[in-house]
Structure formats: C-alpha cells, structure tokens
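Student: Have a look at this one before I ask anything.
The values are calculated or read from the model by the stated rules, or taken from the named source; none is laboratory data. These numbers come from a predicted model, not from an experiment. Reconstructed Cβ throughout: ideal geometry from the backbone, glycine too, with neighbour counts over all protein chains shown. Side chains are part of the model used for accessible areas, which takes the heavy atoms of the whole protein and leaves out ligands, DNA and RNA. Shrake-Rupley method; radii C 1.70, N 1.55, O 1.52, S 1.80 Å.
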Amino acid sequence: KQEVTQIPAALSVPEGENLVLNCSFTDSAIYNLQWFRQDPGKGLTSLLLIQSSQREQTSGRLNASLDKSSGRSTLYIAASQPGDSATYLCAVPKTSYDKVIFGPGTSLSVIP
Amino acid sequence: GAVVSQHPSWVICKSGTSVKIECRSLDFQATTMFWYRQFPKQSLMLMATSNEGSKATYEQGVEKDKFLINHASLTLSTLTVTSAHPEDSSFYICSATFLTGAVDQPQHFGDGTRLSIL
C-alpha cells in the first residue's frame, strides 16, 4: 500500500530565502509524481509533474527532482516570495488511470 | 491544456437535504473520474473511482448509498450527497483522466466544492 509523507509539516521563512520541501513514498512503482499548491479554501494548482522516467522538472523559480529508487522527491523554491505562502502537496498515482495518493502537505509561510 | 470544471464551488444547506456536485471535462473525454474529500487540515483522500458507463468503486469506509456517483457520459460525473449532515461538511474535489494508449496523461483536477451543512 502506497504511503506518502512530507517533511516538514510546516515551514516559515523570511522573504528571499531558498527552500526545499521533501516528499517520500513507500512504493517506487509510480506513474508520475506531481506537486500541487493549495491556497486556503481553494482547489489544487498543479505546479510540476515529473514522469517516472524523468529526474527533474523546472518551472520558473520551482525545481522538482525525483529519485524513484529511494522513494523521494524534493521541491526547491528559489527566492521565496510572500505570494508563495500556501500548502504544497505531492501526489503519486500508480498508473495513469489509478487513484492519486496525496501526501499530508507542507504549509509554507513566507514572511515579508 | 485539459480543463476540468466543478460546480458549484461553494454550497451551504440545511441538514437532511441532498446536494449534487458536478464534474465536467471541458475539452476531453474522461474515461475515468475520481472523487476526493478533504477535511480541514487534512490531505485529500479518495472516495470513489468512476468509469463511464459502469458503477463506481468506493474506497473502504465510504458509504455508497450516501454518496451517489453517476458517470453517465464521458464528460460528466456527478456526486450526490444524500441526506447530508454536518459531519459531511468538507471540501470535495474531482479529477478526470482518459486512456490514450500511447501518451502519458496526468489526472486533471477541478477547483473543488466546499460543502457546509448547517
């Protein structure tokens, strides 16, 4: 049974800092890994998707890496801004048509 | 890109009423749709998986008679919370995907529905 964990559960940093969010999964047989952002009371915004054959993906100030063998992914946020404050979720499906298992999320606060 | 529309985005109703939430794939045919639920300060948990034209598969602990799912077309799935009670208050999100055979497709998520039962 796939289990996804995220560390830390909460993080508060001053504006401008670079930070790393961690995601771990127990079953390496994943289809892809996706990082989402969720603002309070809102839906999910897809940030980055890494296919199982890829090692990393980049979008703007965001960089996500994937190490399937060790069951880990990291989300790197460069030069953090107050607008980055949100909960960040990682999620993995086993196949393209299988359910997605979400991690519990990391709540990020970027202090101006 | 693929878009999934969920409606309504927010609903408040009295205890005992039934509430229907719609999930539509706007620019693709969704062979499979998923319904997730998120309680405050918790992560999303899958409730059920629905394939077009067949009965939904419910996760353990989810009452199929309370949460009715219909996926009658390739672009629409509905979740009906029957006789809703305050403990059903939650954030409900749907996602949709389709099988292409050769192309990897991620799931596409709706914006969610916040349900508050008084």
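Student: Give the residue that is farthest from B:P106 (Cα to Cα), with candidates limited to residues of the stretch B:60-79 that are open to solvent by less than 50 Å² (accessible area, probe 1.4 Å) and at pLDDT 90 or above.
Tutor: Applying the filter and picking the extreme gives B:K66.
Student: Taking the residues in the stretch A:62-112 that are within 8 Å of another protein chain (Cβ to nearest Cβ) and without any contact (Cβ under 8 Å) to a residue 60 or more places away in the chain as candidates, determine which candidate is surrounded by the fewest Cβ atoms within 10 Å (Cβ to Cβ).
Tutor: For the stretch A:62-112, the residue satisfying everything is A:Y97.
Student: Could I ask something else about it? Applying the selection to the stretch A:32-61, what residues are small (G, A, S) and either surrounded by 18 or more Cβ atoms within 10 Å (Cβ to Cβ) or out of contact with any Leu (no Cβ under 7 Å at 6 or more places or on another chain) (or both)? Before you say what the answer is, go through the steps one by one.
Tutor: We begin by selecting, within the stretch A:32-61, every residue small (G, A, S); these are A:41, A:43, A:46, A:52-53, A:59-60.
Selection gives A:G41, A:G43, A:S46, A:S52, A:S53, A:G60.
Student: Still on this structure, I have one more. Is it true that B:L44 is closer than 22 Å to A:K42 by Cβ and within 14 Å of another protein chain (Cβ to nearest Cβ)?
Tutor: Taking the combined requirement at face value, the residue satisfies it.
Student: If you don't mind, there's one more thing I want to ask. Return only the number of the condition from (1) without any contact (Cβ under 8 Å) to a residue 60 or more places away in the chain; (2) within 14 Å of another protein chain (Cβ to nearest Cβ) that B:E22 does not satisfy.
Tutor: Against the list (1) without any contact (Cβ under 8 Å) to a residue 60 or more places away in the chain; (2) within 14 Å of another protein chain (Cβ to nearest Cβ), B:E22 comes up short only on (2).
Student: Test A:S70 against the stated conditions and say whether it is in a strand (DSSP E or B) and of a type outside the set (A, V, I, L, M, F, W, C).
Tutor: On the way: in a strand (DSSP E or B): no; of a type outside the set (A, V, I, L, M, F, W, C): yes.
Taking the combined requirement at face value, the residue does not satisfy it.
Student: Mind checking which residues of the stretch A:42-61 are within 11 Å of chain B (Cβ to nearest Cβ) and free of Cβ contacts under 8 Å to residues at least 12 places away in the same chain?
Tutor: Matches in the stretch A:42-61: A:K42, A:G43, A:T45, A:S53.
Student: While we're here: Can you work out which of the residues in the stretch B:25-36 that are open to solvent by 30 Å² or more (accessible area, probe 1.4 Å) and of a type outside the set (D, E, K, R) is farthest from the other protein chains (Cβ to nearest Cβ)? Before you say what the answer is, go through the steps one by one.
Tutor: Restricting attention to the stretch B:25-36, the residues satisfying the condition of being open to solvent by 30 Å² or more (accessible area, probe 1.4 Å) are B:26-27, B:29, B:31.
When the remaining residues are screened for being of a type outside the set (D, E, K, R), the result is B:26, B:29, B:31.
On the way: B:L26: 15, B:Q29: 13, B:T31: 7 Å.
Residue satisfying both the conditions and the ranking: B:L26.
Student: So A:S65 fits all but one of (1) out of contact with any Leu (no Cβ under 8 Å at 6 or more places or on another chain); (2) under 26 Å from B:P8 (Cα atoms); (3) modelled with pLDDT of 95 or more; what number is the exception?
Tutor: Only one criterion is unmet by A:S65, namely (2).
Student: Regarding B:N51, is this residue within 10 Å of chain A (Cβ to nearest Cβ), surrounded by fewer than 18 Cβ atoms within 10 Å (Cβ to Cβ), more than 23 Å from A:W35 (Cα to Cα) and not charged (D, E, K, R)?
Tutor: Working: within 10 Å of chain A (Cβ to nearest Cβ): yes; surrounded by fewer than 18 Cβ atoms within 10 Å (Cβ to Cβ): yes; more than 23 Å from A:W35 (Cα to Cα): yes; not charged (D, E, K, R): yes.
For B:N51, the condition - within 10 Å of chain A (Cβ to nearest Cβ), surrounded by fewer than 18 Cβ atoms within 10 Å (Cβ to Cβ), more than 23 Å from A:W35 (Cα to Cα) and not charged (D, E, K, R) - is met.
Student: Run B:V11 past the list (1) surrounded by fewer than 18 Cβ atoms within 10 Å (Cβ to Cβ); (2) away from chain A (no Cβ under 13 Å); (3) within 30 Å of A:A9 (Cα to Cα); (4) not hydroxyl-bearing (S, T, Y) and report the number of the one that doesn't hold.
Tutor: (1)
Student: Which one of the conditions (1) open to solvent by 20 Å² or more (accessible area, probe 1.4 Å); (2) within 14 Å of another protein chain (Cβ to nearest Cβ); (3) within 13 Å of the chain's Cα centre (by Cα) does B:F39 fail to meet, given that it meets all the rest?
Tutor: (3)
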